[in-house]
1. May I ask you to list pairs of residues, at least six apart or on different chains, whose Cβ atoms are under 7 Å apart, with the first in the range A:304-330 being free of Cβ contacts under 8 Å to residues at least 60 places away in the same chain and the second being surrounded by fewer than 17 Cβ atoms within 10 Å (Cβ to Cβ) and of a type outside the set (A, V, I, L, M)?
2. Of all residues in the range B:175-212, which are of a type outside the set (A, V, I, L, M), assigned to a loop (DSSP other than H, G, I, E, B) and closer than 15 Å to residue B:164 by Cβ?
3. Just checking, how many residues over the range A:186-202 are more than 8 Å from chain B (Cβ to nearest Cβ), charged (D, E, K, R) and crowded, with 20+ Cβ neighbours inside 10 Å?
4. Can residue B:28 be described as within 12 Å of chain A (Cβ to nearest Cβ) and out of contact with any helix residue (DSSP H, G or I) (no Cβ under 8 Å at 6 or more places or on another chain)?
5. Taking residue A:264 as meeting all but one of (1) within 14 Å of chain B (Cβ to nearest Cβ); (2) in contact with a helix residue (DSSP H, G or I) (Cβ under 7 Å, 6 or more places away or on another chain); (3) of a type outside the set (Gly, Ala, Ser); (4) open to solvent by 10 Å² or more (accessible area, probe 1.4 Å), write down the number of the exception.
6. Among the residues that make up the range A:273-283, is at least one of them part of a loop (DSSP other than H, G, I, E, B), open to solvent by 30 Å² or more (accessible area, probe 1.4 Å) and out of contact with any Phe, Trp or Tyr (no Cβ under 7 Å at 6 or more places or on another chain)?
7. Look at the range B:9-44 and say how many of its residues are among the polar types (S, T, N, Q) and under 16 Å from the mean Cα position of the chain (by Cα).
8. Given A:83, A:72, A:12, A:59, which one is touching a residue at least 40 places away in the same chain (Cβ under 8 Å) and assigned to a loop (DSSP other than H, G, I, E, B)?
Amino acid sequence: MTGRLTSARLVGAGAAAVVAVVTALLPLFLDSSQLTVYTELLLSAVVTTGVSLLLGYAGQISLGHGGFYAAGAYTAALMATHGMPSLLGLACAPLVAGLLGLLVGMPLLRLRGHYLAFATLAFQLILLAVIGQQSSMGGDIGLSGIPALGIGSRHISDFRGYAWVAWLALVAVMILTRNIVRSRPGRGLRALATSEMAASSSGVPVGRYKLVVFSLSAAFAGLAGGIFAFFIAYVAPGSFGVLVSFQFVVMAVVGGLGTLWGPLVGAATITLLLQWLNDLGARPGMPDYAPQVFSYAVYALLLVLVVLFLPRGLVPAGTDALRLLARRRLARAQPGADAAGAADATGAGVEEPVPSPQRQ
Amino acid sequence: MLTTENLARSFGGVFAVNDVSISVPKGELRGIIGPNGAGKSTLFNLISGHLAPTRGEITYVGRSLAGTAPHRRAREGVAIVFQGARLFHGMTALENVMVGAHARTSHGFASAALRLPGHRREERLIAERAKEALEQVGMSDFADVYAESLPLGQQRRLQVARALCGQPELLLLDEPASGLRLGERQILADLLRDLHEKGITMLLVEHDVSMVMSLADRITVLDLGTVIAEGTPDAVSRDPRVIAAYLGQESSDAASR
């Protein structure tokens, strides 16, 4: 049992290393427009990792993470355009977003389910409206002329540099998430997702845990926002509409809630598919509204398909399929081993166990 | 160890628990019985902190529990096994039990996220205690099984293990035997007897009167939110008010109260 478990862990670690190396080398072979897609994909994955931690493990929904993304972006943009070191701006982006998450979460996390979803959505709308009214923040027009990210006189001069910054951010965020999930507080989070009552009577400080994880996932969004600001060199309320928040939730659900790799897989699937459909819609002979129809319809369609056929998301479906395949091969190699494989399958997962996404 | 004084809780003007004063000394296994709607579960929710009393006072080890949150009560050694299953889904049996260790451990998000040195040590301690607790309830073989896929009897015992992992001093058990088959009941009764011998103070709410009679040192009988009798199992079973309550009769002194 333990032998198989460790070997499954080893396979998982090996696969993770391969993915890390391949994605780290990938920017070397991409042109600048592909690098833009790559960077935005990874930044989405950073935010989605936080959303997934909140929704998939702790069972709390947020439709306002675009707001924290904006908070991070504006923090970095404002500090950098006021002559502060860009690295300081980048460091403050997750801090400010996390702090904002703490403030917003205190009242809002008393709500549950749909009420929490709508309250977080309202938070984002209010935030965007406030930013739009502040001339010191560029108003509706936005802030431009954000300097490049760098230390002293050394600056990131091309898209490739930002691609790697985004890669580093994603690795950091995924490691933090993994460490939290597989620990005492992580178990507390997963517990309170099923029953706050039973969790609190087991000694889990439910209110505090919800607040910390909300703030942490806001900080992840803020970090991505900070990188985004330097990368695009321009921030405006229009870049952080509520659709962005929906997108993060869709990515988390499509990839697989309660899994470490789900956010990256979900972000990649949605981003690349949208890109492809956009190209398809923009082909000559297509009507003017084609790209828009494609990009809106695909969200709905993909979400419906995933919920119908892969309710736990792509990553759990994929690992299940792999496991089934391995077991079949084992059974063919040594008849009679099937039963043993079946008994093991419950515990020997590469992925974390998946809490049901449908909870109240 | 645990005292309630004139404890009362009303829901919309109707008292589910009214003027309940009980005193449970350390090490006692106190049975609490009563017909449906007697206020047993409400009493437990008041003691575990999930409901605030309308009136009255709960004292635990000489300290008032007023305004103490449930997770703090857990840290003080108050554990509860809920009616129904109330296990954590998507987590293995072992992980479920490990959650119970929250009551006695401390490391938080920062030390977990950054894998600080204390973290690993405490994780090892938690895993050890959880395995011990699983063994104590005879479920070591099911450590890696998802909790929600276990049969009810094992889910109930798993809840006991989760409570034990927090090393409780006072264990509240809300109808742990309901829905269990005879064999499972026997196993559960043996487990409770075992815990009683280890000196854990227990409050046992149970519909299965014969089980309570065989286990409890003393029994408190509730009816319509008030204590109608208290004493040894023998004395209680002969009490006419108890017999009346269980037969569903409106005896004259219950009506005049």
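1. From residues that are free of Cβ contacts under 8 Å to residues at least 60 places away in the same chain, the pairs are A:327/A:338.
2. At the first step, the residues of the range B:175-212 found to be of a type outside the set (A, V, I, L, M) are B:175-176, B:178-179, B:181, B:183-186, B:190, B:193-194, B:196-199, B:201, B:206-208, B:210.
Next cut, assigned to a loop (DSSP other than H, G, I, E, B) only: B:175-176, B:178-179, B:181, B:198-199, B:206-208.
The answer is B:176, B:198, B:199.
3. Summing the residues that are more than 8 Å from chain B (Cβ to nearest Cβ), charged (D, E, K, R) and crowded, with 20+ Cβ neighbours inside 10 Å in the range A:186-202 gives 0.
4. Numbers: within 12 Å of chain A (Cβ to nearest Cβ): no; out of contact with any helix residue (DSSP H, G or I) (no Cβ under 8 Å at 6 or more places or on another chain): yes.
For residue B:28, the condition - within 12 Å of chain A (Cβ to nearest Cβ) and out of contact with any helix residue (DSSP H, G or I) (no Cβ under 8 Å at 6 or more places or on another chain) - is not met.
5. Against the list (1) within 14 Å of chain B (Cβ to nearest Cβ); (2) in contact with a helix residue (DSSP H, G or I) (Cβ under 7 Å, 6 or more places away or on another chain); (3) of a type outside the set (Gly, Ala, Ser); (4) open to solvent by 10 Å² or more (accessible area, probe 1.4 Å), residue A:264 comes up short only on (1).
6. Taking the range A:273-283 as the starting set, the residues that turn out to be part of a loop (DSSP other than H, G, I, E, B) are A:282-283.
Still in the running and open to solvent by 30 Å² or more (accessible area, probe 1.4 Å): A:282-283.
Next, from what is left, pick out any that are out of contact with any Phe, Trp or Tyr (no Cβ under 7 Å at 6 or more places or on another chain): A:282-283.
Yes: one or more hits.
7. Of all residues in the range B:9-44, those among the polar types (S, T, N, Q) come to B:10, B:18, B:21, B:23, B:36, B:41-42.
Remaining after also requiring under 16 Å from the mean Cα position of the chain (by Cα): B:23, B:41-42.
Within the range B:9-44, residues that are among the polar types (S, T, N, Q) and under 16 Å from the mean Cα position of the chain (by Cα) number 3.
8. Details: A:83 fails: touching a residue at least 40 places away in the same chain (Cβ under 8 Å); A:72 fails: assigned to a loop (DSSP other than H, G, I, E, B); A:12 fails: assigned to a loop (DSSP other than H, G, I, E, B).
Every option except A:59 fails the conditions.
The values are calculated or read from the model by the stated rules, or taken from the named source; none is laboratory data. These figures come from a predicted structure and were not determined experimentally. As a convention, Cβ positions derive from the backbone with ideal geometry for all residues, glycine included, and neighbour counts pool all protein chains shown. Accessible surface areas use protein heavy atoms only, side chains included; no ligands, DNA or RNA. Shrake-Rupley method; radii C 1.70, N 1.55, O 1.52, S 1.80 Å.
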